[in-house]
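Right, one structure below, let's go through it.
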Amino acid sequence: MAEYIESLQRLVEQFGRLEGVGKKTAVRMAFSVLELEDEEAEAFAASILDAKRRIHLCPICQNLTDRPVCSICEDLERDQGLVCVVTDPKAVIAMEKVREFRGVYHVLHGLISPMNGITPDQLKIKELLSRVSEQGVYEVIIATNPTVEGEATAMYLSRLLGPLGVKVTRLAYGVPVGADLEYADEVTLFRAIEGRREI
């Protein structure tokens, strides 16, 4: 027997399919939808369908866009030869908030993870390699997370990019501003030492 009436159960299940949404959150979201006025619910559903139909991958950087080419790749004031490789579109948003990076991006859409069945051919690596060899890229900054999968992906990319004659760098990771050294883990401290610079 279903926990809720059938149509509500289906709605809960659909919300539960979203990444990072657990059972309780899915239930709250489903009940929130039921509280919407009909026009609001229709606008909500229409915006989901519109996003699915219009948003696609930029043919250059593989980021999400609703234009033929994304606004970052289209911006001629950005350094097209400096490419920052990130895991997903959310990382592009995070990097752009800093407002310091004036290069362009390449989105992998995942990390190599044999345990989860994710192999290099499932990522946008082939597109990165052809971009580097054809578009005058002089430096690739690998900005994957400092996790086992992120490090493995970074090492794999550096081995592939090295023979192409491009400079390959990695984001420096270290102790965050305002943090106490005594609470930092070994990997964070090692990265902080490794990424040290002259002052």
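The values are calculated or read from the model by the stated rules, or taken from the named source; none is laboratory data. This structure is a prediction, so every number in the text was calculated from the model and none was measured. Neighbour counts are summed over all protein chains in view; Cβ atoms, including those assigned to glycine, are modelled from backbone coordinates with ideal geometry. In case anyone asks, the SASA skips ligands and DNA or RNA and just uses the protein heavy atoms, side chains included. Shrake-Rupley method; radii C 1.70, N 1.55, O 1.52, S 1.80 Å.
For region 51-199, the fraction of 1.4 Å probe accessible surface lying on carbon and sulfur atoms is 56 percent. Within region 64-199, antiparallel bridges make up roughly 10 percent of the DSSP beta bridges whose residues both belong there.
Applying D = kT/(6 pi eta Rh) to region 107-146, where Rh is the Kirkwood radius over alpha-carbon pairs, T corresponds to 20 °C and eta to 1.002 mPa s, the Stokes-Einstein value obtained is 188 µm²/s.
Placing +1 on each Lys and Arg Cβ and -1 on each Asp and Glu Cβ, with no other charges, gives the chain a dipole about its Cα centre of roughly 680 debye.
The radius of gyration of the Cα set in region 1-61, together with its Dmax, comes out at 14.4, 50 angstrom.
The GluC sites (Glu not before Pro) of region 36-103 meeting both criteria, a DSSP state outside H, G, I, E and B (loop) and at most 12 other C-beta atoms within 10 angstrom of the site's C-beta, are 37, 77, 100. Taking all protein chains together and rolling a 1.4 Å probe, residue 102 ends up with roughly 110 Å² accessible. Scalar couplings 3J(HN,Hα) for region 62-77, obtained by applying the Karplus form with A = 6.51, B = -1.76, C = 1.60 to θ = phi - 60°, are 6, 7, 6, 7, 10, 10, x, 9, 5, 5, 6, 5, 6, 6, 6, 7 Hz; x denotes Gly and Pro.
The residues of region 3-149 expose on average 64 square angstrom of accessible surface per residue, using a 1.4 Å probe on protein heavy atoms. Distance from the C-alpha centroid of region 96-120 to that of region 158-176: 13 Å, rounded to the whole angstrom.
Along its three principal directions, the equivalent ellipsoid of region 56-143 from the Cα gyration tensor extends over semi-axes of 21, 14, 13 Å, largest first. The alpha-carbon atoms of region 110-181 define a convex hull whose volume equals 109 cubic angstrom per residue. Close Lys pairs in the chain, defined as Cα atoms under 23 Å apart and 8 or more places apart or on different chains, number 6. If you take semi-axes √(5λ) of the Cα gyration tensor in Å from the coordinates, which of (1) 33, 18, 14; (2) 28, 21, 14; (3) 37, 24, 17 do you get? Computing semi-axes √(5λ) of the Cα gyration tensor in Å and matching it to (1) 33, 18, 14; (2) 28, 21, 14; (3) 37, 24, 17 gives (3). R0 = 30 Å: FRET efficiency of residue 116 with residue 172, Cβ-based, nearest 0.05? Efficiency at R0 = 30 Å is approximately 0.65.
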